[in-house]
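Quick notes on the structure that follows.
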Amino acid sequence: MNLQIKKTIFVLLCVALLAGCATSNPPQRYAWVTGLKPDKAARYEDLHAHAWPGVNKMIKSCHIQNFSIHEREINGQLYLFAYLEYTGKDFDADMKRMAADPETQRWWKETDPCQSPLPDAAAKGKSGRIRRRFIS
């Protein structure tokens with residue numbers, strides 16, 4: 001194969017790779033805040049220090065990456081600040097699939113009582129659960 005053909009093939013491969021990068025969707029970023037009950041903070045921290053493998057697997061299978069939760073005390077009140085990136089194509093469908101997962105449901109039965117929804121969410125009857133507190 002002569003040098004000109006090799007250069008042409010190399011350029012075409014580079015263009016194909018770059019085109020693939022250009023068409024990939026950037027992640028959608030979500031963040032939310034909810035309260036943390038002081039008497040349940042240790043339980044919440046312990047649950048997350050020993051997160052269930054099946055729950056982590058479900059999170060990944062629902063196209064969630066860079067998921068983090070941070071605890072912060074402000075004026076004597078504990079809050080959870082959470083962030084994630086979603087890389088899938090149908091956020092609502094993935095969240096419904098996660099909500100239907102029996103192990104995730106059991107996990108939420110453990111974590112929900114630790115959280116205290118902010119006043120606006122509580123007024124609307126919403127829990128502090130992350131799947132209901134997403135904002136972009």
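For the stretch 64-84, check the following and say yes or no: at least one residue is part of a helix (DSSP H, G or I) and out of contact with any His (no Cβ under 7 Å at 6 or more places or on another chain). So far as the stretch 64-84 goes, no, none of its residues is part of a helix (DSSP H, G or I) and out of contact with any His (no Cβ under 7 Å at 6 or more places or on another chain). Of all residues in the stretch 23-34, those satisfying the criterion of being open to solvent by less than 90 Å² (accessible area, probe 1.4 Å) and within 18 Å of the chain's Cα centre (by Cα) are P27, Q28, Y30, A31, W32, V33, T34.
Is there a residue in the stretch 74-89 that is without any contact (Cβ under 8 Å) to a residue 12 or more places away in the chain, among the charged types (D, E, K, R) and open to solvent by 60 Å² or more (accessible area, probe 1.4 Å)? Taking every residue of the stretch 74-89 in turn, none turns out to be without any contact (Cβ under 8 Å) to a residue 12 or more places away in the chain, among the charged types (D, E, K, R) and open to solvent by 60 Å² or more (accessible area, probe 1.4 Å). Number of residues in the stretch 48-63 that are open to solvent by less than 70 Å² (accessible area, probe 1.4 Å) and in a loop (DSSP other than H, G, I, E, B) equals 3. Scanning the stretch 64-83 for residues that are more than 17 Å from G35 (Cβ to Cβ) and in contact with a Pro (Cβ under 9 Å, 6 or more places away or on another chain) yields Q65, N66.
Condition test on L78, is it over 22 Å from P27 (Cβ atoms) and touching an Asp or Glu at 6+ places or on another chain (Cβ under 7 Å)? In short, yes.
The values are calculated or read from the model by the stated rules, or taken from the named source; none is laboratory data. All values derive from a computational prediction rather than experimental measurement. Neighbour counts run over all protein chains shown; Cβ positions are idealised from the backbone, glycine included. What goes into the accessible areas is simple: the full protein's heavy atoms, side chains included, and nothing from ligands, DNA or RNA. Shrake-Rupley method; radii C 1.70, N 1.55, O 1.52, S 1.80 Å.
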